[in-house]
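Have a look at the structure below before the remarks.
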Amino acid sequence: MFKKSRRKIVATIMSILVVLWVGTLSIIYASSYIEMSRQNRQMLTIHAEMYNLESENDIPPNKPFLNGKNPNFNSNFSNSPMFQLTTFYTVALTYDGETIEIQNDRPGVHTNEELSKLALNIVEAEKDSGTKNNLSYYATDKDGYILVAFMDNTIVNENATTLFRYTLIFGGVALIIFFFFSTLLARKIVQPLEDSYKKQKQFISDAGHELKTPVSVVSASAELLSREIGENQWLENIQYENERMGMLVGQLLDLARTENTTPQMEQIDFSRLCTGEVVPFESVAFEKGLTINCNIIQGVIVEGNNAQLKQLVSILLDNAISHSNGSGEISLSLTTDRGYAKLSVINKGETIPTEHRTRIFERFYRTDAARNGEDKHYGLGLSIAKAIITAHKGQIDVLCYNGLVEFQIKLPIQ
């Protein structure tokens with residue numbers, strides 16, 4: 001239980017850190033990308049405006065292209081070191097797609113044929129700006145021909161990739177460090193609750209042992225007194241209440257023993273065990289006008305404690321008989337399901353409200369607060385069943401449907 005709580009705390013802390021980390025990086029990189037794209041567009045626009053075709057003979061008449069003339073730009077930007085150190089490529093094309101002129105200062109990086117083909121593809125796609133092959137481009141109509149300007153972003157992209165890689169590495173290391181820190185923090189948070197729970201279990205165990213002796217003494221004394229004075233109403237009340245107290249003490253000790261000790265495990269024929277536990281409850285069910293219908297497949301083997309598993313089946317059957325409405329049938333089935341032994345006990349009964357379905361496994365919890373143990377049930381049976389299931393690394397659930405209440409147990413199959 002406390003391990004699960006610690007895991008939830010660690011998972012919550014790590015989820016918040018990851019969301020913050022990813023969110024921060026996304027904002028930073030998105031902002032950087034938008035700003036870089038804006039600067040690239042501005043520099044390409046300036047470069048295109050500054051470009052003059054060396055030979056203007058046989059240029060076709062003006063023809064509209066894309067967005068027409070370029071927007072206004074800040075010419076002072078051309079004096080910046082960033083603009084002067086950037087590598088540009090330009091391709092001038094006729095409106096028919098023929099190459100007029102190519103300016104390529106670094107033919108070893110991108111050949112004229114590559115630039116010409118790339119420019120033609122851009123014009124055919126009718127896109128005035130974008131990025132291809134580490135090249136930012138901008139296309140514009142220069143009043144007589146089409147100019148496609150390219151800017152080399154190879155170094156910028158490699159630097160961005162390196163920065164992103166190291167950010168992931170150091171961020172991952174930081175998350176690992178925070179994971180160990182959050183694990184330590186979760187232990188500190190849960191420790192007081194765990195200590196309180198242990199003290200509560202110890203109190204139940206101590207109280208059960210301390211009450212056992214006076215209950216035995218009262219029982220023996222009442223028995224002797226009844227022999228001396230015969231039948232007596234007040235003495236019968238004492239004996240009845242003492243018997244109830246003895247049953248409560250026994251259940252407290254069973255709960256303490258189940259929670260505080262590690263049971264000795266062995267290979268158990270669960271099919272045979274369930275069949276054997278049904279027999280003594282058939283007469284009890286018959287007295288209440290009920291029948292027990294069994295559907296138990298043979299050969300289901302689990303690793304468990306024989307005494308505790310018998311007690312588990314008994315608790316479920318006793319609970320089904322006690323809470324059945326009127327006459328009818330109680331169904332007990334044992335099947336296998338994906339590596340688990342699945343035990344279901346179903347009875348007709350009042351629907352358990354959703355808010356009570358997890359709390360019914362708590363100690364002394366009762367869905368009907370008016371019931372005070374007259375039926376010799378004190379709200380400990382399902383707590384004991386839950387403790388047994390936990391010790392056997394299984395699962396217990398309660399389902400309500402069509403006027404039926406089902407307790408479903410799953411235990412690992414060997």
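If you split all Cα-Cα distances of the stretch 263-412 into 10 Å bins from zero, what percentages do you get per bin, shortest first?
Calculated P(r), rounded to whole percents: 11, 43, 37, 9, 0.
Fully extended, how many nm does the chain gain between Thr335 and Leu53 (0.36 nm per residue separation, minus their Cα-Cα distance)?
Working: separation 282, 0.36 × 282 = 101.52 nm, distance 8.56 nm.
Working it through step by step, the gained length comes to 93.0 nm.
Can you give me the orientation-averaged projected area of the convex hull built on the Cα atoms of the stretch 172-278, in nm²?
On the way: hull surface 52.6 nm².
Over every viewing direction, the Cα hull of the stretch 172-278 projects on average to 13.1 nm².
For Glu124 and Ala174, what does the FRET efficiency come to when R0 = 56 Å and r is the distance between their Cβ atoms, rounded to the nearest 0.05?
Values: r = 48 Å, r/R0 = 0.85.
Calculated transfer efficiency: 0.75.
Find the relative contact order for the chain and round it to a whole percent, using C-alpha pairs within less than 8 Å whose residues are 6+ positions apart. Write down the numbers at each step before the final one.
Values: 521 pairs, mean separation 47.9, N = 414.
The value is 12 percent.
Search the structure for amide H atoms under 5 Å from the amide H of Lys142, placed 1.01 Å from N in the peptide plane, and list their residues when 5 or more places away or on another chain.
Leu147
Using modelled backbone amide H atoms (1.01 Å from N, in-plane), which distant-in-sequence or interchain residues come within less than 5 Å of Thr90's amide H?
For Thr90, the qualifying residues are Gln103, Phe150.
When the Karplus curve 6.51 cos²θ - 1.76 cosθ + 1.60 is applied with θ = phi - 60°, which whole-Hz ³J(HN,Hα) does each residue of the stretch 280-291 get, with x for Gly and Pro?
My calculation for the stretch 280-291 gives x, 8, 5, 5, 4, 5, 4, 4, 9, x, 10, 10 Hz in order.
Ranked from highest to lowest mean number of other Cβ atoms within 10 Å per residue, what is the order of the peptides 186-193, 23-30, 243-250? Each step should come with its number before you reach the end.
Numbers: 186-193: 13.5, 23-30: 11.2, 243-250: 16.4.
Listed from highest to lowest mean packing, they are 243-250, 186-193, 23-30.
Consider the candidate values [x] 21.0, 62; [y] 40.8, 138; [z] 23.5, 88; state which one is Rg and Dmax of the Cα atoms in Å computed from the structure displayed.
[y]
So what are the ³J(HN,Hα) numbers for the stretch 144-155, from phi and the Karplus equation (6.51, -1.76, 1.60; θ = phi - 60°), rounded to whole Hz, Gly and Pro as x?
x, 7, 9, 10, 10, 9, 10, 10, 7, 10, 4, 5
Skipping prolines and chain starts, which residues have an amide H placed within reach, meaning under 5 Å, of the one on Ala341, given they are 5 or more residues away or on another chain?
Leu411, Ile413
Report relative contact order for the stretch 263-412 in percent, whole number only (criteria: Cα-Cα under 8 Å, sequence separation at least 6). Present the calculation step by step, with values, prior to reporting the outcome.
Details: 259 pairs, mean separation 35.3, N = 150.
It comes to 24 percent, rounded to a whole number.
How large is ³J(HN,Hα), in whole Hz, for each residue of the stretch 116-133 in order, when computed from phi with the Karplus curve 6.51 cos²θ - 1.76 cosθ + 1.60 and θ = phi - 60°, using x for Gly and Pro?
Going residue by residue, I get 5, 5, 5, 5, 5, 4, 5, 5, 5, 6, 6, 10, 8, 7, x, 9, 8, 6 Hz, with x marking Gly and Pro.
Only the coordinates and a few stated rules stand behind these numbers; no lab work does. Everything quoted here is computed from the prediction, not taken from an experiment. Backbone-built Cβ (ideal geometry, glycine too); neighbour counts: all protein chains shown.
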